[in-house]
Amino acid sequence: MTLKEAILLRHSVRRYTEVPIESEKIEILRAAVNKANEASNLNIQLVTNEPKAFSTGNFFHFEYGYFRGVRNYLVMAGPADKASKEAIGYEGEKIVLLAQTLGLNSCWVGLTYREVSGVFRRRPGDRIHCVIALGYGETQGVQHNLRPIESFIAADAHLHLPDWFLEGMKAAVLAPTAVNQQKFCFSLENGNVVEARTRFSLIGYTHVDLGIVKCHFEIGAGAENFSWK
């Protein structure tokens with residue numbers, strides 16, 4: 001499975017089976033975590049066979065946020081600045097898509113979990129921005145209704161867009177964002193310079209979301225076709 005195929009197949013999954021993740025897949029994920037941390041000064045950690053963070057009673061049982069059977073998750077920790085938040089999204093989504101290629105399901109989680117003492121290491125100044133549930137889902141999840149890609153492109157950038165940019169946008173609108181808020185906008189300058197920026201949100205998480213979206217765009221468009229502004 002390619003990463004482009006993983007983007008199409010990946011959906012948020014909140015309920016998981018008891019099937020354990022195989023040791024060889026755990027090793028692949030740990031290697032990806034180490035690579036992400038080295039590239040970004042983050043402190044992402046993979047936690048396995050730990051059910052307490054998502055155990056019953058840790059959160060309000062509203063439909064959107066109800067989780068069941070989560071025993072494996074990524075702790076997405078790092079500095080609290082905007083650049084680190086974006087890196088959390090970008091590097092985390094690369095691991096999410098890798099997990100999808102391994103046949104695993106996932107879900108970004110902002111609130112409906114609790115920190116469990118002793119299962120991860122926090123550096124001075126680190127903040128836990130969110131976690132990512134991992135495992136074998138009871139289902140493969142469902143696709144949310146998608147808004148047209150034009151609504152995510154700056155008004156002055158609609159004409160004569162190259163095919164690679166449109167392919168990037170198709171991938172970007174499939175990116176998971178906090179409560180599906182999709183508060184982002186893209187523009188193209190000088191033929192191959194792309195700018196991605198956040199839009200106002202009362203919910204927050206926009207910089208993490210932007211990193212996720214940029215990861216998708218880069219895969220869809222092809223990193224060789226453009227540079228980021």
Worksheet entry | Cα→Cβ-extended label distance, 7 Å offset, between Glu24 and Trp164, nm | 3.5
Worksheet item: What nm value, rounded to one decimal, do you get for the distance between Arg199 and His144 when each label is placed 7 Å out toward the C-beta?
Response: 1.2
Fill in: Principal-axis tilt of helix 163-172 within the chain, Cα atoms, nearest 10 degrees
30
Fill in: 10 Å Cβ shell holding at most 15 others, DSSP loop, chymotrypsin sites (Phe, Trp or Tyr not before Pro): longest site-free stretch of the chain
67-199
Response to the item:
Among trypsin sites (Lys or Arg not before Pro) in region 105-170, those in a DSSP loop whose Cβ has at most 16 other Cβ atoms within 10 Å are Arg114, Arg121, Arg122
Worksheet item: Convex hull over the alpha-carbon atoms of the chain: what's its volume per residue in Å³?
Response: 125
Worksheet item: What length, rounded to one decimal in nm, is gained on full extension from Lys35 through to Glu5, with 0.36 nm per residue of separation minus their alpha-carbon distance?
Response: 8.6 nm
Item to complete: Take every Cα pair under 8 Å in region 149-228 that's 6+ residues apart, average their separations, divide by the length, and report that relative contact order as a whole percent.
Response: 39
Worksheet entry | Entries in Lys25/Lys52; Lys4/Lys52; Lys25/Lys183; Lys25/Lys170; Lys170/Lys229 that, when Cα-Cα distance is taken, lie over 27 Å | Lys4/Lys52; Lys25/Lys183; Lys25/Lys170
Worksheet item: Given springs between every Cα pair under 10 Å in a Gaussian network model of the chain, which of Ala31, Ala99, Ala178 has the largest fluctuation?
Response: Ala31
Practice prompt. Mind giving me the FRET efficiency for Ser55 and Arg122? R0 is 25 Å, r the Cβ-Cβ distance, nearest 0.05 is fine.
Written response: 0.75
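We did not get these values from a lab; they are worked out from the coordinates using the rules stated. These figures come from a predicted structure and were not determined experimentally. Cβ: placed from backbone, ideal geometry, glycine included. Neighbour counts: every protein chain shown.
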